[in-house]
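Take a look at the structure set out below.
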């Protein structure tokens, strides 16, 4: 019993709170749960005395390690708890039992997955994150959100199935269910990588993200943005650190969403694209696999959850007050929502990695790691993408939402709880950028030698940022910037959303026709044989119409014939 | 665990428990028929199933301790007289039938009162008792011809039960008629096969046949017997493509009948298949070996894909679940077809689990039907607000059907995939996974209607309702079983493993 208590995973209080929340009829009690559960989880985190594996139990012949507390899972666990707390605060005004429950269970599942020590536990929580988070998408409660939720669920369940299949194969090969570094060449290794890749929104596997997140509610998108992809990043860092192709995958991930993000009109979708771009930095850091690279990925994930959450929160506040996050509907909101605009600017500064903001101290690590690994082209792509980040997240989001032409929307400032959550997140963005030692102390590897605020870092970054700022000003001034037009940008998900759907419909229609044609053929044969036979056996024609039982009898005899044949031939 | 159950009955009962579990419900059937009203008829049925369940527990305990029980009816020694013979394999089936029969009867009262004409209710319970006794008999007997008799007893009463749905929907009559024609064809095939076996071996006792068959296994007569018997029993078990009777029968029968049939009847037929294929026919004979792959596995795989696809396109909720049952039978057939110990035990495990999930699903649908006359999927719209508790139970069953972790359905698929991979059957494992994804699609249709659909409103107010207690309790027992057994599968797994071992050891021989 003592053993059990001292090593309880922080996931449990959150999961239990989620279950309670599901049956709790009182709004205020649910809100209290949403605030208290992360605090309890944080307490569990702090009380865990040392690294090690706890919460081990056996069932059905397998060993489940529910709480592996080591330098890698530690930092992810902490930021998940932190994000959960901010989310709880941000959601305080919302009266939606489904959303509350889903958010808590989803957070708990994310924590559980991060602390999982073996593949089976990982798989359970992996699937649980998918099943619980889809309700956050559905919380949008409109047909588009509903369909997007279906697609989202299908893809994530597929990821879980791949993970399980891969894990079974891998365990058969290695003889252990332990989740540690995975050999990608062993049987099942690729499947596991693919499962992680889907959740991490690798290029071409990424569409679910842009598809689902912007269709969720104001709160839902904030919660969604924190856990799923970062869980995948954790899993990659644990399983595939140093896998060289990941550098390239990461570099591509940082680059291609930039174009989509620049032309996209829905600002929350822009954020979803930029989420993708940010993940690319982390994946590239993992691909390098050195202590610096992994530290970069971990630090980036940590600060990213906070500032990306902050940006989604500001857009959520806009959605809450204005009812839209389309760039064409917005503009000039700084007059009516000054605080939100201010927090948004801080988030933008952090995501663009301005010095003294948290993004700077994290991104510096990754880019240094890639530079040290000697991969020149990915390095250049990453630098280019950093400028792109500034373009679409750093400037575009605040500019079109709060400044630009005034859309004459006069609304109230965001609710107090939202402001508080945003304020806390904004504070963290700056605090971690200034007092970067606190962040570095959490990282999985020792960081004593590293100094982010060196002259060349600052100068290099400022050059980049100023050039990008100049480019934006120039383009907007001379009306060369792609105009914000309401429209749909085709991404590769067109292939399954439209083409796949059409194909299935087409096949179904063709099948229908084929059956119809077969019916004609049958009718013709019957006509040729003459209806006399039928008339003999059923004067009223009842038997000829009553196909089912006759057909069945025929099937039965056919099968008998087949089995007889098989038995004879054997 | 089960061992502890022995000897809790006085010896006079315990010695005859095997046969009493069949005889008591059978002899209570006429008693139920003469009861003046449905309520008393129900009470008699309850007594019958309760007695059978208690006796079965004693039998199961006995089997767990002593291995095989052999009971000679009327003290006529086995090869000549009729023998009841129970080993771990049919003990598992007996537990399943009696437990679900009992839960079903507890559940039945309000549903039957609602759907069956007042003057026919006691007759209805009488027919149910006959059917129940027949199924118990099929699962206990050790005599091939006697098995045919019990199969017919249970089948004929089933036709009646299905036909009684006519009060609600006249299509029940055609469904019952089709079922009758096909069931009779199946039974005829079976009895022809048994006749061939008698011709080849000169005996009807199953253990005796098993002993004598290897000597004559190369004769065409035995092979023909094999073909007739597996097609006949396959039809009863709704093996694809012999399942066509099932969807309409399940969709139009009274709700309670569907609950009972879906969780027991095909399961018993599946048991008889295992018994014949593994124990009676020499399982190393070439024609049996070939049929594992080319009959059971192939038809099982086709069945689970085709059944699932067909389920996706249904509009009637019970028809949808019926097609899903066809797919689930496919899983069991695949387990049988793998032909290894792991395969059989996965098949039996799914047999037990499927009874829990389908039982819960049909029970919940029955409650919805009782309260709101729900038949179509669109009728389920918004029921999560209207009847939250029942909806949750339904959801648990539905998730279990897909095989989502935290439900027992997950373990079914887990062991089945494991068994397929052990045998090196990649395609079969892939088919299980594809079929699970298809299951997700049709289950999503149901759950989406319940949870996301528009809440029914009456004069501006949301309608609220709750299930009658006697219906809610069995439903919740089954729904809870789906979750509890996920966390501690060992009791079910133990049953399934013992059953597979018994099948493999030739429990009959």
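Annotations
- Here residue B:12 and residue B:434 are evaluated by their C-beta separation; at R0 = 60 Å the FRET efficiency comes out at 0.65.
- Using a Förster distance of 30 Å, the FRET efficiency for residue A:336-residue A:32 (Cβ separation, nearest 0.05): 0.45
- Placing dummy labels 7 Å off each Cα toward the beta-carbon, the span from residue A:204 to residue A:158 is 1.3 nm.
- Mean-position separation - Cα centroids, region B:462-500 and region B:27-55, in angstrom: 24 Å
- Approximate spin-label separation residue B:284-residue A:473, in nm, with each point projected 7 Å along Cα-to-Cβ: 9.0 nm
- Region B:285-509, Rg to Rh (Cα coordinates; Rh as Kirkwood inverse mean 1/r): 1.03
- Contour excess over end-to-end distance, with Cα ends at residue A:459 and residue A:558 and 0.36 nm allotted per residue: 27.5 nm
- Mean partner shielding of peptide B:364-371, defined as the number of other chain Cβ atoms within 10 Å of each residue Cβ, is 0.
- The C-alpha radius of gyration of region B:28-184, expressed as a fraction of 2.2 N^0.38 Å, stands at 1.12.
- Footprinting exposure proxy for B:277, A:161 (fewest neighbouring C-beta atoms within 10 Å first): A:161, B:277
- Pairwise Cα separations in chain A fall into 10 Å bins from 0 onward with the following percentages, short to long: 4, 17, 26, 23, 12, 7, 6, 4, 2, 0, 0.
- Computed from Cα atoms alone, the Kirkwood hydrodynamic radius reported for region A:82-207 is 15.6 Å.
- Folded to 0 to 90 degrees: helix A:358-373 orientation relative to chain A principal axis, Cα: 70 degrees
- Coarse-grained scattering of region B:135-253 at q = 0.15, 0.18, 0.19, 0.20 Å⁻¹, given as base-10 log I(q)/I(0) from a Debye sum over alpha-carbon atoms: -0.69, -0.89, -0.95, -1.02
- Spatial separation of Cα centroids for region A:307-322 and region B:167-235, in angstrom: 69 Å
- Distance in nm between pseudo-label sites at residue B:76 and residue B:483 (7 Å out along the Cβ direction from Cα): 5.2 nm
- Over region B:284-351, equivalent-ellipsoid semi-axes from the Cα gyration tensor in Å: 26, 12, 6
- Percentage of interatomic Cα-Cα distances in the protein assembly as shown larger than 48 Å: 36 percent
- Counting only alpha carbon atoms, the long axis of helix A:143-174 and the longest principal axis of chain A meet at about 90°.
- Cα-based Rg of region A:241-485 normalised by 2.2 N^0.38 Å, two decimals: 0.99
- Sites residue A:466 and residue A:506 - FRET efficiency at Förster radius 56 Å, r taken between beta-carbons, to 0.05: 0.60
- Cα Rg, Dmax (largest Cα-Cα span) when computed across chain B, Å: 21.5, 77
- Counting, for every residue in B:224-230, the Cβ atoms of other protein chains within 10 Å of its Cβ and taking the mean gives 4.
- Span from the region A:55-92 Cα centroid across to the region A:200-273 one, whole angstrom: 22 Å
- Sorting B:157, A:358, A:324 by the number of Cβ atoms found within 10 Å of their own Cβ, with the fewest placed first, yields A:324, B:157, A:358.
- Per residue of peptide A:553-561, the mean number of Cβ atoms on other chains within 10 Å of the residue Cβ is 6.
- The peptide list B:95-108, B:193-206, put in order of mean Cβ contacts within 10 Å with the highest first, becomes B:95-108, B:193-206.
- Here the extension length gained between residue A:185 and residue A:57 equals 43.0 nm, from 0.36 nm per residue of separation less the Cα-Cα distance.
- Angle of helix A:455-477 to the longest C-alpha principal axis of chain A, folded into 0 to 90 degrees and rounded to 10: 70°.
- For region A:1-101, the equivalent ellipsoid built from the Cα gyration tensor has semi-axes of 27, 16, 11 Å, listed from largest to smallest.
- Taken over region B:390-509, the percentage of Cα pairs per 5 Å bin, counting from 0 up to the bin with the maximum distance, is 2, 10, 13, 16, 17, 15, 10, 7, 4, 3, 2, 1, 0, 0.
- Fewest-first ranking of A:336, B:111, A:393, B:381, using other Cβ atoms within 10 Å as the exposure measure: A:336, B:381, B:111, A:393
The numbers here are math on the coordinates, done by the rules we state, and not lab data. From a predicted model like this one, the values you see are computed outputs, not experimental measurements. Here the Cβ is made from the backbone with ideal geometry for all residues, glycine too, and neighbour counts use every protein chain on show.
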